[in-house]
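What follows is a set of notes on a single structure, which appears directly below.
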Amino acid sequence: MPTGEIIKVVQQSPTTRQFFLKVNGEEPFIFKAGQFITMDLPIHERRRKRLRSYSIANNPNEGNILEFTITHMGGEGTDYLFNKAKEGTEIKFKGPGGVFILPEPVETDLVFICTGTGVAPFRSMIFDLLEKDKPHKNIHLIFGTRYT
């Protein structure tokens with residue numbers, strides 16, 4: 001199982017933080033925009049109860065730094081990340097996983113609808129399209145919030 005080290009944590013709001021994970025090893029971590037990793041967090045004895053999946057929020061840049069935007073809503077996984085994990089904490093994970101990715105080529109307008117940190121996979125996709133200058137049509141992001 002691959003491992004990574006938390007290298008930076010940025011407070012975005014009282015309940016939301018950005019976590020930056022440096023994947024250990026020399027090989028670049030390859031993923032497609034929209035994918036996620038599943039972290040094996042030390043929150044339970046049974047492995048199945050330790051696994052938590054988080055969408056990768058940065059673009060696939062063939063580097064080994066992964067960015068996650070996570071909201072604490074009372075879950076054991078986020079409680080561990082917010083209250084026990086810190087810079088230097090090693091995280092075991094598997095992945096990337098998921099098929100929520102853009103088609104290649106992108107031949108139609110894109111409409112992304114999300115709330116809160118659900119923007120993470122769309123953020124990855126938009127960065128990927130723009131930073132790699134991939135041909136695409138219009139992009140529409142409809143973002144909702146729970147509270148004003």
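The values are calculated or read from the model by the stated rules, or taken from the named source; none is laboratory data. Just so it is clear, the model here is predicted, and its values are computed rather than measured. Heads up, the Cβs are rebuilt from the backbone with ideal geometry, glycines too, and the neighbour counts pull from every protein chain shown. Accessible surface is based on the protein model in full, side chains and every heavy atom, while ligands, DNA and RNA are left aside. Shrake-Rupley method; radii C 1.70, N 1.55, O 1.52, S 1.80 Å.
Is it the case that some residue within region 116-133 is out of contact with any helix residue (DSSP H, G or I) (no Cβ under 7 Å at 6 or more places or on another chain) and in a loop (DSSP other than H, G, I, E, B)?
Taking region 116-133 and keeping what is out of contact with any helix residue (DSSP H, G or I) (no Cβ under 7 Å at 6 or more places or on another chain), we get 116-133.
So of that shortlist, the ones also in a loop (DSSP other than H, G, I, E, B) come out as 132-133.
Yes - at least one qualifying residue is present in region 116-133.
State all residues of region 27-59 that are at pLDDT below 95 and either under 11 Å from the mean Cα position of the chain (by Cα) or of a type in the set (Gly, Ala, Ser) (or both); if no residue qualifies, say none.
Asn59
Assess whether Phe31 counts as being assigned to a strand (DSSP E or B) and either among the aromatic types (Phe, Trp, Tyr) or surrounded by fewer than 17 Cβ atoms within 10 Å (Cβ to Cβ) (or both). Reasoning before the result, please.
Values: assigned to a strand (DSSP E or B): no; either among the aromatic types (Phe, Trp, Tyr) or surrounded by fewer than 17 Cβ atoms within 10 Å (Cβ to Cβ) (or both): yes.
The answer is no for Phe31.
Conditions tested, residue by residue: (1) assigned to a strand (DSSP E or B); (2) under 20 Å from Ala120 (Cα atoms); (3) of a type outside the set (Phe, Trp, Tyr); (4) open to solvent by less than 20 Å² (accessible area, probe 1.4 Å).
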site	(1), (2), (3), (4)
Ser53	yes, yes, yes, no
Pro60	no, yes, yes, yes
Gly63	no, yes, yes, no
Gly74	no, yes, yes, no
Leu81	no, yes, yes, yes
Ile91	yes, yes, yes, yes
Lys94	yes, yes, yes, no
Val99	no, yes, yes, no
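How many residues does region 101-130 hold that are among the aromatic types (Phe, Trp, Tyr) and surrounded by 18 or more Cβ atoms within 10 Å (Cβ to Cβ)? First the steps, then the outcome.
Filtering region 101-130 for residues among the aromatic types (Phe, Trp, Tyr) gives 112, 122, 127.
From what's left, surrounded by 18 or more Cβ atoms within 10 Å (Cβ to Cβ): 122.
Going through region 101-130 one residue at a time, the tally reaches 1.
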